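First comes the structure, then the notes that go with it.
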Ligand code: DC
């Protein structure tokens, strides 16, 4: 079996930055599992002509219009890309609508099943560092290295606010805090695959630490 490192954690905890840095140091593939939920939400809206409201009451038949064989995840030169039917979806995955759509559809068991199958296929072909919410608990509980990355609510709120600003979305600190709290609530209280610390997971709080410092700690652990 290939090597697997899992990183779970709440919104704006720095999972993807850590995963990417580790993957690049180790020569592994970085799998950003949020990209799959985002891609499926995008495909449902753009290719299957669903509205955001439709996504709130989705049936299993609704995803039959998605040809999963045409979905491709590529990790090249340190960045993940997702293609569907040859079209690069990556530039469209970080909008507010897709934030919302991905969060909505991630609560359906048939969506999670499809994503998990895809992730297992990728892990069969590559050594991976994979980040998400349920990776060490549900998707790859057998992984040798399982990290739960977190930071204080205040720190994550500032990061989320800055990320949004870079995308041209201006939120006050209080609005950002409300958004972060709502995402945390949804991620941790949903009935299927809620965010929790994996068994034997290493909890790392990076509130006052640089990414390099955390990368060093994980490399030592490995
Ligand atoms: O990590 P992210 O913000 O890009 O994730 C997008 C959405 O997908 C988010 O609402 C949480 C959900 N998600 C999930 O339920 N399970 C995962 N393993 C990864 C993401």
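No value in this document is a laboratory result; all are computed from the given coordinates. None of these values were measured; they are calculated from a predicted model. Heads up, the Cβs are rebuilt from the backbone with ideal geometry, glycines too, and the neighbour counts pull from every protein chain shown.
Annotations
- Relative counts (whole %) of C-alpha pair distances in the range 125-206, using bins that are 5 Å wide: 3, 14, 19, 20, 18, 14, 9, 3, 1
- Percentage relative contact order, the chain, counting C-alpha pairs under 8 Å, at least six apart: 34 percent
- For the range 37-91: relative contact order, % (alpha-carbon pairs under 8 angstrom, 6 or more apart): 25 percent
- The range 106-137 and the range 77-100 have Cα centres lying 17 Å from one another.
- From the Kirkwood radius over Cα pairs of the range 84-222, Stokes-Einstein at 25 °C and 0.890 mPa s returns a whole-number translational diffusion coefficient of 143 µm²/s.
- Only alpha carbons enter this Debye calculation for the range 101-149, each as an equal point scatterer, and the log10 of I(q)/I(0) it gives at q = 0.16, 0.23, 0.25, 0.26 Å⁻¹ is -0.48, -0.93, -1.05, -1.11.
- Antiparallel DSSP beta bridges within the range 68-222, percent to nearest 5: 65 percent
- Highest mean packing first, where packing is the average number of other Cβ atoms within 10 Å per residue, the peptides 205-217, 37-49 line up as 37-49, 205-217.
- Two-decimal Rg/Rh across the range 32-136, once Rg and the Kirkwood Rh are taken from alpha-carbon atoms: 0.93
- Computed FRET value (nearest 0.05) for residue 76 with residue 48, which takes r as the C-beta separation and R₀ as 30 Å: 0.65
- Each of residue 120 and residue 60 was given a label point 7 Å from its Cα along the Cα-to-Cβ line. The distance between the two points is 1.6 nm.
- Segment residue 152-residue 110, extension gain: residue separation times 0.36 nm, minus the distance between their alpha carbons: 11.8 nm
- Bins of 5 Å, starting at 0 and running to the largest distance - Cα pair percent for the range 57-104: 5, 17, 19, 26, 23, 7, 2, 1
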